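Report on the following structure.
The values are calculated or read from the model by the stated rules, or taken from the named source; none is laboratory data. Since we're looking at a predicted model, the values are computed, not measured. Every residue, glycine among them, receives a Cβ derived from its backbone with ideal geometry; neighbour counts consider all protein chains shown. These area figures cover heavy atoms from the full protein model, side chains too; ligands, DNA and RNA do not enter into them. Shrake-Rupley method; radii C 1.70, N 1.55, O 1.52, S 1.80 Å.
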Amino acid sequence: MSRRTRIVMLGPPGAGKGTQAARLATRLGVPHVSTGELFRHHVGTDTALGREADAYMRRGDLVPDGVTLSMVAERLTAPDAAAGAVFDGFPRTVAQAIALDQQLAANGHALDGAVLLEVPRDTLVARITGRRFCAQCQATYHLEWSPPAVADHCDRCGGDLRWRADDDEATVARRLTVYETETFPLVAFYETDHRLWRMDGLGSVDAVAARLEEVLARD
Ligand code: AMP
């Protein structure tokens, strides 16, 4: 089992980063730091940061780096992040990646590397449009691959299932374009430093999780 504890999950929307990051973080005993989740929490609780992020998120655009970076910097000062973190949806720009390296270095740490989950584009759209989450406990489902036992209700707490406001087809198309132009350059950024692991993101959640463990155990 890998002792790497500072890992970025990289890949397009719908690649399965969130599902795998949550599992890996639990296994490693470190927090799952999802900037998308942090932003959705701010939007849901109507903070000033949430009001600023909301318009960008609705369009499928990136929230400006300054806002994103101060939110992540604050999250990383929490005691639970001292032992590491699995980053999901962050960094999304080269400037964010540089800032992450700098913040970790300032605390005597370094990123172990980034895992790129590779999934073909047509599969991404199918994965995203079938996604549902519980409005109460945030558990995630997929109508085709991991449906709830009772339609529209959470298996865990019985809460209502919803879909994300930005998971409609038009916004998904925009998010994929933004990924290609703004986030994909991170592949070269991490590859140049020999900090990139590429892996096939197709298959069941368990199969991808097993593949991820193999990748992280490599020298
Ligand atoms: P996600 O849940 O990772 O798909 O993120 C949902 C939305 O939150 C994105 O489409 C962006 O609008 C915003 N977002 C999440 N993470 C970042 C980030 N690292 N930089 C800028 N915007 C982000």
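If you go through the stretch 92-108 and pick out every residue that is touching a helix residue (DSSP H, G or I) at 6+ places or on another chain (Cβ under 8 Å), more than 18 Å from Ala81 (Cβ to Cβ) and open to solvent by 40 Å² or more (accessible area, probe 1.4 Å), you end up with 3. When Arg131 is tested against the conditions (1) more than 16 Å from the ligand (Cβ to nearest atom); (2) basic (Lys, Arg); (3) farther than 28 Å from Ala217 by Cβ, the lone failure is (1).
For the stretch 79-91, a tally of residues being within 13 Å of Val30 (Cα to Cα), open to solvent by less than 30 Å² (accessible area, probe 1.4 Å) and among the hydrophobic types (A, V, I, L, M, F, W, C) returns 4.
Taking each residue of the stretch 55-71 that is under 21 Å from Arg174 (Cα atoms) and looking for partners that are among the hydroxyl-bearing types (Ser, Thr, Tyr) and surrounded by fewer than 19 Cβ atoms within 10 Å (Cβ to Cβ) with beta-carbon atoms closer than 7 Å, six or more apart or interchain, yields Leu62/Tyr56; Val63/Tyr56.
Residues being touching a residue at least 60 places away in the same chain (Cβ under 8 Å) and within 9 Å of the ligand (Cβ to nearest atom): count how many of those fall in the stretch 88-100. The number of residues fulfilling the criteria is 6.
Listed here are the residues, each with its yes/no results for (1) under 16 Å from the mean Cα position of the chain (by Cα); (2) open to solvent by less than 80 Å² (accessible area, probe 1.4 Å); (3) under 27 Å from Asp54 (Cβ atoms).
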residue: Ala110; (1), (2), (3): no, yes, no
residue: Pro120; (1), (2), (3): no, yes, no
residue: Phe133; (1), (2), (3): yes, yes, yes
residue: His142; (1), (2), (3): no, yes, yes
residue: Val150; (1), (2), (3): no, no, no
residue: Arg162; (1), (2), (3): no, no, yes
residue: Ala173; (1), (2), (3): no, yes, yes
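Within the stretch 34-50, is even one residue within 12 Å of the ligand (Cβ to nearest atom), closer than 17 Å to Thr183 by Cβ, touching a helix residue (DSSP H, G or I) at 6+ places or on another chain (Cβ under 6 Å) and aromatic (Phe, Trp, Tyr)? The answer is yes; a qualifying residue exists. Only one of these is of a type outside the set (Val, Ile, Thr) and at positive phi: Asp152, Asp112. Name it. After applying the criteria, what remains is Asp152.
Let's see how each residue does on (1) within 30 Å of Ala207 (Cα to Cα); (2) charged (D, E, K, R); (3) open to solvent by 40 Å² or more (accessible area, probe 1.4 Å):
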site	(1), (2), (3)
Thr5	yes, no, no
Pro13	yes, no, no
Gln20	yes, no, no
Gly29	yes, no, yes
Thr35	yes, no, no
Arg40	yes, yes, yes
Tyr56	no, no, yes
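Restricting the stretch 139-170 to residues that are in contact with a helix residue (DSSP H, G or I) (Cβ under 7 Å, 6 or more places away or on another chain) and among the acidic types (Asp, Glu) leaves a set whose member that is nearest to Leu62 (Cα to Cα) is Asp166.
Is it the case, given these coordinates, that Thr45 is open to solvent by 20 Å² or more (accessible area, probe 1.4 Å) and within 23 Å of Asp122 (Cβ to Cβ)? Against the criterion (open to solvent by 20 Å² or more (accessible area, probe 1.4 Å) and within 23 Å of Asp122 (Cβ to Cβ)), Thr45 does not qualify.
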